[in-house]
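The values are calculated or read from the model by the stated rules, or taken from the named source; none is laboratory data. Everything quoted here is computed from the prediction, not taken from an experiment. Reconstructed Cβ throughout: ideal geometry from the backbone, glycine too, with neighbour counts over all protein chains shown.
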Amino acid sequence: MADEGPIARAISGRPPFGPIERLEHARLREEQQATLRSPRRKASISARLLFLVMDRVYGEARTLEKFRVLELVARVPYQAWENVAYVAVTHTASQPGFARRVFDRVRISRWEQDNEQWHLLMLEELVAADAAGSWLRNRVVPQVLAFGYYQLSWLTFAIKPAWSYRLNADFEDHAEHEYALFVQEHPEWETTTFNSRFTEDFGHYDSLADLFRQIGYDERLHKLQSEAAMAAPRFT
Ligand SMILES: [Fe+2]
Ligand SMILES: [Fe+2]
């Protein structure tokens, strides 16, 4: 791809088509500061409603529990897109070029779904070490939120993909900024080591602060990917 700007990189320089981008400490700090300096997207009504519900149920403070719920919800647009695109690809046998582009979307959705899954599994580990709250609040409410968000992502994607990409861009932008602030609020995490059963899958980081900075950076790439997809015609 000729243009090597951030949006082009978000599409071509990321798995499944490019290498995994894992940053070193100095670069992670720079990217966190860049996030803190950058304005937030003007979120859509549905995204704002979701953030409002999360604030009401889990409180306005940034907590590990709240980020765990955020990551559980974060997977579902990718699941919905994979589902819709996979159905679409079965009806494109007479147009191989189009089928290839649709299938590339399926592959991106699968990879990003897994990326969100690693985020979730590591948050699960951290929350388990400091478990609190009721079964309803920890298990039922997040599943209800994820179910509703899946339906909305699926339906908007089936009608007009740009709507669904916009919703996800809003969500990822929120996640990127929230992670950057979360790290800023916890200077003690600079010297907190993080040991996980998923290090082999997600990478090793010297501190909990750097782990969250990398997750926040992933969220930015997700946002850029959705912003690029919003601007592109359907499956091109
Ligand atoms: Fe995530
Ligand atoms: Fe994300």
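Side notes on the structure shown:
- Hey, Ala85 more than 15 Å from Pro16 (Cβ to Cβ) and either at pLDDT 85 or above or of a type in the set (A, V, I, L, M, F, W, C) (or both) or not: no
- Any hit, the stretch 159-173, residues being under 27 Å from Pro19 (Cα atoms), polar (S, T, N, Q) and crowded, with 18+ Cβ neighbours inside 10 Å: yes
- Here the stretch 196-236 is the region considered, the condition is being among the polar types (S, T, N, Q) and more than 17 Å from Gln117 (Cα to Cα), and the residue that is farthest from ligand 2 (Cβ to nearest atom) is Thr236.
- Condition met for Leu126 (buried (at least 16 other Cβ atoms within 10 Å of the Cβ), within 16 Å of ligand 2 (Cβ to nearest atom) and hydrophobic (A, V, I, L, M, F, W, C)): no
- Counting only residues that are acidic (Asp, Glu) and under 12 Å from Leu208 (Cα atoms), the stretch 177-196 holds 2 of them.
- Within the stretch 12-87, helices (runs of 4 or more DSSP H) holding 3 or more residues that are among the hydrophobic types (A, V, I, L, M, F, W, C), in contact with a helix residue (DSSP H, G or I) (Cβ under 9 Å, 6 or more places away or on another chain) and more than 24 Å from Ala228 (Cα to Cα): 45-58, 64-74
- Within the stretch 150-199, if we keep just the residues that are more than 20 Å from the chain's Cα centre (by Cα) and charged (D, E, K, R), the residue that is farthest from ligand 1 (Cβ to nearest atom) turns out to be Lys160.
- Any hit, the stretch 105-120, residues being within 16 Å of ligand 1 (Cβ to nearest atom), farther than 22 Å from Leu152 by Cα and within 19 Å of the chain's Cα centre (by Cα): yes
- Residues (assigned to a helix (DSSP H, G or I), farther than 20 Å from Arg213 by Cβ and among the polar types (S, T, N, Q)) located in the stretch 89-133: Ser109, Gln113
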